[in-house]
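Let me begin by presenting the structure, written as structure tokens, before commenting on it.
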């Protein structure tokens, strides 16, 4: 076989390898996009459920006089309403933050000089960070879990749940929160607040 033939075969093999690598890259890109789309859908669903639960629970408590009287008699009413409103406020806060951070990121594409501003850099960093969403969702989940326990303890004051609530639940919630902070600090010890 001639040298030209060898070079042609080598070039053909390289072209084939390049084409295969490009196809694999495109497949990975489609998978990445698909995962991101799933993430966005689940985020919408979770936020909707959080807000519906928080607003619905608070409205039910405020409008149903029989339920309100039962909760008030046992002294859980304030804590119940506070826990509902903390969860709803947390979701409103994260929606507000995400809205403006994404706008700033978008505006960086519209006006490239904006990308040099500190506001853009902070927005970009927050947009690419998942920790703030995780923490807000955890605060919401904890507050709504507490509100469910407060409701149950109010409706069934002699139950084991009510006794448990009075004795141990505040300590357990505080302990879980401390564990979360320690875990988060350990996982993110090198890259927690770096804004480039």
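Quick note: the coordinates plus some simple rules give every number you see, no bench work behind them. In this text, all values refer to a predicted model and were calculated from it rather than measured experimentally. Using ideal geometry, Cβ is built from the backbone for each residue, glycine included, and neighbour counts are taken over all protein chains shown.
Taken over the C-alpha atoms, the chain has Rg and Dmax values of 26.3, 97 angstrom. Among 121, 20, a tally of other beta-carbon atoms within 10 Å of each Cβ gives an order, fewest to most, of 20, 121. Placing a pseudo-label 7 Å from each Cα along the Cα-to-Cβ vector at residue 93 and residue 13 gives an inter-label distance of 6.1 nm. Highest average first, the peptides 50-58, 80-88 ordered by how many other beta carbon atoms sit within 10 Å of their residues are 80-88, 50-58.
Computing FRET efficiency as 1/(1 + (r/R0)^6) for residue 117 and residue 31, where r is the C-beta to C-beta distance and R0 is 41 Å, gives about 0.75.
Footprinting exposure proxy ranking of 137, 64, fewest other C-beta atoms within 10 angstrom first, gives 64, 137.
I want to verify a result. In a Gaussian network model of the chain, Cα cutoff 10 Å, which of these has the top mean-square fluctuation: 89, 177, 150? Among 89, 177, 150, the largest mean-square fluctuation in the Gaussian network model of the chain belongs to 177.
Between residue 133 and residue 42, the modelled label-to-label distance comes to 1.0 nm, taking each label 7 Å out from Cα in the direction of the beta carbon.
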